[in-house]
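Asker: Have a look at this one.
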Amino acid sequence: MRVTFGVLGPTVAESDGRALALKGPRHRAVLARLVVARRRVVPVTHLVGDLWTDPPPGAVGAVQTFVAALRRVLEPDRPSRAPARLLVTDGPGYALRPEPDAVDAWCFETAVGAAARLPATQALPRLEEALALWRGPAYAEFEEEDWARGERSRLAELRLQAVEQRARTQLDLGLAAEAVPDLDVHLTAHPWREDAWRLLALALYRQDRQGDALGVLRRARAVLADQLGVDPGLRLRRLEADILAQDPGLDPPAGPTATAARLWTRTAAAYDRTVAAGARARLETTVSLIRNLAVTGGGGLAAARQHRMEAIAAAEEFGDPDLTARVIGAYDVPAIWTRSDDPELARRIVEAAERALTALPGDAHEAARCRLLATIALETRGSRAPRGPQAAREAEEIARRLDDPALLAFALNGAFMQSFTRAGLAPRRDEIGGELVELAARHDLVTYEVLGHLIRLQARGALADFAAADRHAAAVDRLAERHELPLASVFTQWYRALRLAASGQPAGAETAYRDAAARLDGAGMPGLERGLLPLALLCLRVQRRRTWSDTDSRETGPGGTGPRGSGPGPVEIDPGADWGPYRPWATPFALLASGRRAEARAALRALPEPPRDLMYEVCCCLESVVALEVGDRDVLERARARLLPAAGELAGAGSGLITLGRVEDHLADITTALRAPTSPVPPR
């Protein structure tokens, strides 16, 4: 289960929207103290000092008891002797290692930071979402604790800045009326905030309320004098003079951004007045908004996922399968990553789509059927069940028969998601991407044109044609900038880190990977983000080790130290990192690094089938690297069979993100090892 933590208010932990029972106040204090540490280790002695002014005998044991109780709540399905993955023991103390988006305070900071880099139209919803996370003062029940005081103050100040940042953004968008109520409340609680006084006065002036604006400035002068004994600062004094002079520079921005914002506000109000609350038209309009929200950036994508199933459930309540099919199919958001961001949501969407398909009458409603089938193909990505490929084929057949470009683009996206039944299918994906680019450019389907270029970027990378991949990356960046599609450039940034790795620049690649990973914070794509940076660094280190091994082999000649990959020592990894879905493939490396070869071999044998997605070849090659190290011929045979169809590709480069070098080099290592009469790797 996925656990989330809330500290913007009373300290809470939840799983799937259900509050977890954290027992007594000291249990919550331990949890909150570990959240304050931000994934760092807090020694037991520090926890004792933080929990008690005068620690009693046995305080260390009491802390251990609190931790054990918290672990039972946070990881109830963990076997009794298995190591904890969330609240971990590390050296002299404990650390809480939640996902980056699993703590509301961290999400708040990420959203506010991202909003500062976005245009006003995108920044405003990010700030609204960020401020909505607050349920009360941060770490509300620990206001007297020294360990919480600094973090409480820091977060409180950041919240005040976010409120004022939201008001500035509203003014930039020509939404002065919307800014006034929140600023009034803000100043009632925090009357010493000079910039808030300035913003409120400016907002009033821009509503043609010059007298009210001057009244606010007089009130600011009185409050500052009474409470702080100071006169207003230069900016407040200058604003007062400008209002008295009716300076044209104070007028609202007349650019297209402000005009569009005002038009949106007025149109939304008119729609709200004229369309009945329970009308089906509202539901279909809502889905269109959700679809558009998904391509605006991280906060929008996360919000779209949250509301999408609600819209489907509302449609099903009408008992009209055609309406349900339209609501499900209207969310034709292009998808490039082959691992679901929310597997449970995907399962529920597929079930609803199947119900609608069954309920649709006869052979009619072919377009609706096509959209439902394409949705099933997309949402079953990475699955080994035959339903996904079958749905993709049927959707593509219907779309081609109907000669509908938008339908065909949607169906081709489903076909792409189901093109991972084995290794070596980069040429097929290149064909899909090429058709999408041509189709979308001809019919002005911009988001699908971006998708087509990204698919071709991946496919040409897999085929080591980086000149073509570079051209597709540049095309993506041009389209993303022109049409305000910020998520697209996340993938091109990762691609450029891959280029450094593929060109033998590991130091530059590592820096680029870390920068690209920072860009993923708040991007709203956990299916992509989780475990990606540790996996990229593992691939870099395996490749670096291969380079050293090749050098050693050349220096020692034909009688050298064995096959490539057996090189200068184990690959070092961080076992405490958030490996996400890739942890099973990281575990054998961690065990080898600590000298536990037998356990590494057992972990290798216990690996699941590699996911049928863009990381398939990477996982197969990682298995082969460990199998070479521990001498497991069965795994090597299996890896060779899986990898042979991709012999001409770069392992992992089809993801557009990472690489493990040429598949043929891994196959050569495997072949050499399997020809050996005994162990594939000489003893050390």
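The values are calculated or read from the model by the stated rules, or taken from the named source; none is laboratory data. Everything quoted here is computed from the prediction, not taken from an experiment. Ideal geometry is used to build each Cβ from the backbone, glycine not excepted, and the neighbour counts take in all protein chains shown. Surface areas here come from the heavy atoms of the whole protein model, side chains and all, with no ligands, DNA or RNA. Shrake-Rupley method; radii C 1.70, N 1.55, O 1.52, S 1.80 Å.
Asker: If I model a spin label at residue 65 and residue 348 as a point 7 Å from the Cα along the Cα→Cβ vector, what separation in nanometres do I get?
Answerer: A separation of 4.0 nm, rounded to one decimal place.
Asker: Here is a further query. Cα-based Rg (one decimal) and Dmax (whole number) for segment 599-673, in Å?
Answerer: Considering segment 599-673 through its Cα atoms, Rg and Dmax are 11.5, 33 Å.
Asker: Would you please give the residues with an amide H less than 5 Å from that of residue 93, counting only those at least 5 places away or on a separate chain, with H modeled from the backbone geometry?
Answerer: Those lying under 5 Å, H to H, from residue 93 are 44.
Asker: Moving on to the next point. Take the alpha carbon gyration tensor of segment 309-454, find the square roots of its eigenvalues, order them as a ≥ b ≥ c, and report rounded if a/c is under 1.5; if not, report prolate when a/b exceeds b/c, else oblate.
Answerer: Because a/c hits 1.5 or more and a/b exceeds b/c, segment 309-454 counts as prolate.
Asker: Continuing with the same structure: With +1 assigned to the C-beta of every Lys and Arg and -1 to the C-beta of every Asp and Glu, and no other charges, what is the dipole magnitude of the chain about the Cα centre in debye, to the nearest 20?
Answerer: Dipole of the chain, to the nearest 20 debye: 1380 debye.
Asker: Plugging the Kirkwood radius over Cα pairs into Stokes-Einstein for segment 363-441, at a temperature of 4 °C and a viscosity of 1.567 mPa s, what D comes out in µm²/s?
Answerer: 104
Asker: Rounded to whole Å and sorted largest first, list the principal axis extents of the Cα atoms in the chain.
Answerer: Cα spread of the chain along its principal axes, largest to smallest: 93, 77, 50 Å.
Asker: Return the tail of the calculated pair distribution for segment 99-249, meaning the percent of Cα-Cα pairs more than 28 Å apart.
Answerer: Every Cα pair in segment 99-249 considered, those over 28 Å come to 28 percent.
Asker: Over what distance in Å are the Cα centres of segment 46-121 and segment 403-432 separated?
Answerer: Taking the Cα centre of segment 403-432 as reference, the centre of segment 46-121 is 43 Å away.
Asker: Now for a separate question. Would you grab the residues whose amide H sits under 5 Å from the one on residue 39? Only those 5+ places off in sequence or on another chain, please, with H modelled 1.01 Å from N.
Answerer: 96
Asker: Given 20 °C and 1.002 mPa s, how large is the Stokes-Einstein diffusion coefficient of segment 431-499 in µm²/s, with Rh as the Kirkwood radius over Cα pairs?
Answerer: 183
Asker: For segment 106-262, with the dipole built from +1 on Lys and Arg beta-carbon atoms and -1 on Asp and Glu ones, taken about the Cα centre, which of 156, 205, 185 lies farthest toward the positive end?
Answerer: 205
Asker: Still on this structure: For helix 280-294, what angle does its Cα long axis make with the longest principal axis of the chain, in degrees from 0 to 90 and rounded to 10?
Answerer: Helix 280-294 sits roughly 70 degrees off the main axis of the chain.
Asker: Among 606, 385, 287, flag the residue with its Cα farthest along the positive direction of the charge dipole of the chain, charges on Cβ as +1 for Lys/Arg and -1 for Asp/Glu.
Answerer: 606
Asker: Here is a further query. Considering only protein heavy atoms and a 1.4 Å probe, what is the carbon-and-sulfur percentage of the accessible area of the chain?
Answerer: Its accessible area is 53 percent carbon and sulfur atoms.
Asker: Using only the alpha-carbon atoms, how far is helix 59-74 inclined from the longest principal axis of the chain? Give it as 0 to 90 degrees, nearest 10.
Answerer: 80
Asker: Follow-up. Could you please tell me the mean projected area of the C-alpha convex hull for segment 403-546, averaged over all directions and given in square nanometres to one decimal?
Answerer: 9.1
Asker: Would you please classify the overall shape of segment 273-353 from the alpha carbon gyration tensor, given that a ≥ b ≥ c denote the square roots of the eigenvalues, rounded means a/c under 1.5, and beyond that prolate means a/b larger than b/c while oblate covers the rest?
Answerer: Verdict is oblate for segment 273-353.
Asker: For segment 95-168, I need the span (max minus min coordinate) of the C-alpha atoms along each principal axis, in Å, sorted largest to smallest.
Answerer: Between the extreme Cα coordinates on each principal axis of segment 95-168 lie 39, 26, 18 Å.
Asker: Okay, moving on. For segment 35-135, rounded, prolate or oblate, judged on the Cα gyration tensor with a ≥ b ≥ c (square roots of eigenvalues), a/c < 1.5 rounded, else prolate if a/b > b/c?
Answerer: prolate
Asker: Moving on. Work out the charge dipole of the chain with +1 on the Cβ of Lys and Arg and -1 on the Cβ of Asp and Glu about the Cα centre, then indicate which of 170, 30, 62 is farthest towards its positive end.
Answerer: The one lying farthest along the dipole's positive direction is 62.
Asker: In whole Å, what is the distance between the alpha-carbon centres of segment 497-543 and segment 178-239?
Answerer: 47
Asker: Can you compute the helix-only [θ] at 222 nm over the chain? Use -39500 (n - 2.57) per DSSP H run of at least 4 residues, normalise by all residues, nearest 500 deg cm²/dmol.
Answerer: Counting only the DSSP helices, I get -21000 deg cm²/dmol.
Asker: What whole-number distance in Å separates the alpha-carbon centres of segment 607-673 and segment 273-290?
Answerer: If we compute the Cα centre of each part, the gap is 50 Å.
Asker: Per residue, how big is the convex hull around the C-alpha atoms of segment 210-341? Give it to me in cubic angstrom, could you?
Answerer: 223
Asker: Once you charge only the Cβ atoms, +1 for Lys and Arg and -1 for Asp and Glu, what is the size of the charge dipole of segment 158-303 about its Cα centre, to the nearest 20 debye?
Answerer: For segment 158-303, the charge dipole is close to 360 debye.
Asker: Per residue, how many Å² of accessible area does the chain show with a 1.4 Å probe?
Answerer: 44
Asker: Follow-up question, since we're still on this one. Which GluC sites (Glu not before Pro) in segment 58-153 pass both tests, a DSSP loop state and at most 10 other beta-carbon atoms within 10 Å?
Answerer: Filter output for segment 58-153: 144.
Asker: Relative to the longest principal Cα axis of the chain, at what angle does helix 426-443 sit, 0 to 90 degrees, rounded to 10?
Answerer: 30
Asker: Can you give the charge dipole size of segment 89-162 about its Cα centre, rounded to the nearest 20 debye, using +1 on the beta carbon of Lys and Arg and -1 on the beta carbon of Asp and Glu?
Answerer: That gives segment 89-162 a dipole magnitude of about 340 debye.
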